[in-house]
Amino acid sequence: MDLSDLYQDVLLDHSRKPRNFRVIADADRKAEGFNPLCGDQVTVYLKLDHDRIKDASFQGSGCAICKASCSVMTDEIKCKTGEEIGKLFERFHGLVTGKTTPDAEALGKLAVFSGVSEFPIRVKCATLPWHTLRAALEAKKEKVTTE
Ligand code: ZN
């Protein structure tokens, strides 16, 4: 099996059965994001332990890439600090925009999004969850949009 087939399977699995697709009723942070280009709409919920993510979840509706990105992201950021998440987002952004050579080890599960760089219109679908996460970490009140 070729690596891109494997990635495709992982993405499909996450978009069909998203992990952490729930509301955290007593969330410490929450932010909403919208990608008008595609119609993706997400709300990210966080439980914090000081600067560390204790729990993360999301709700919303979006395309397969957006849902898969929310699902993998909310899994990958658990137990990480805001600073670690900032670095991870930088790597992820470089990966999906094709601007940096992917460092598979540092990316972990996020590496499955490498194919997104071939579809520039999908980059915002993949990064919307991360922009929304950043707004939640920064406790921003206004809705995030990718435009
Ligand atoms: Zn989308």
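Karplus couplings for segment 53-65 from phi (6.51 cos²θ - 1.76 cosθ + 1.60, θ = phi - 60°), rounded to Hz, Gly and Pro as x?
My calculation for segment 53-65 gives 7, 8, 8, 9, 8, 8, 9, x, 9, x, 6, 4, 5 Hz in order.
Mind listing P(r) for segment 3-143? All alpha-carbon pairs, 5 Å bins, whole percents.
P(r) over segment 3-143, rounded to whole percents: 2, 11, 22, 25, 22, 13, 5, 1, 0.
Quick one: length gained pulling residue 139 to residue 23 fully straight, 0.36 nm per residue minus the C-alpha distance? Please report the intermediate quantities before stating the final value.
Working: separation 116, 0.36 × 116 = 41.76 nm, distance 1.74 nm.
Gain on extension, residue 139 to residue 23, equals 40.0 nm.
Give a quick list of trypsin sites (Lys or Arg not before Pro) in segment 115-147 that DSSP marks as loop, anything other than H, G, I, E or B, with at most 11 other Cβ atoms within 10 Å.
On the way: sites: 122, 124, 134, 140, 141, 143; in loops: 140, 141, 143.
Counting only loop positions with at most 11 other Cβ atoms within 10 Å, the trypsin sites (Lys or Arg not before Pro) in segment 115-147 are 141.
Which whole-Hz couplings ³J(HN,Hα) result when phi for each residue of segment 113-124 is put into the Karplus expression 6.51 cos²θ - 1.76 cosθ + 1.60, θ = phi - 60°, listed in order with x for Gly and Pro?
With coefficients 6.51, -1.76 and 1.60, one gets 8, 4, x, 4, 4, 7, 10, x, 5, 8, 4, 5 Hz.
Please give the charge dipole size of the chain, origin at the Cα centre, charges +1 on K and R Cβ atoms and -1 on D and E Cβ atoms. Round to the nearest 20 debye.
420 debye
Using a 4.7 Å Cβ cut-off, which Cys residues in the chain lack a partner cysteine?
Within the chain, the cysteines lacking a partner Cβ under 4.7 Å are 38, 63, 70, 79.
Please rank 110, 133, 6, fewest neighbouring Cβ atoms within 10 Å first, as an exposure proxy. Walk me through the intermediate numbers first.
Values: 110 23, 133 27, 6 11.
Sorted ascending by nearby Cβ count, the order is 6, 110, 133.
May I have the pair-distance distribution P(r) for segment 86-144, computed from all Cα-Cα distances with 5 Å bins from 0 and rounded to whole percent?
Per 5 Å bin, starting at 0, the Cα pair percentages come out as 4, 20, 29, 22, 14, 9, 3.
Along the positive direction of the dipole of segment 3-143 (beta-carbon charges: Lys, Arg +1; Asp, Glu -1; about the Cα centre), which of 66, 45, 104 reaches farthest?
Most positive-ward Cα: 45.
Projected onto the charge dipole of the chain (+1 at Lys/Arg Cβ, -1 at Asp/Glu Cβ, origin at the Cα centre), which of 8, 130, 144 gives the Cα projection farthest towards the positive end?
144
Since every read-out is calculated from the coordinates, none of them should be taken as a lab result. Every value quoted in this text rests on a predicted model; they were computed, and no experiment measured them. Neighbour counts are summed over all protein chains in view; Cβ atoms, including those assigned to glycine, are modelled from backbone coordinates with ideal geometry.
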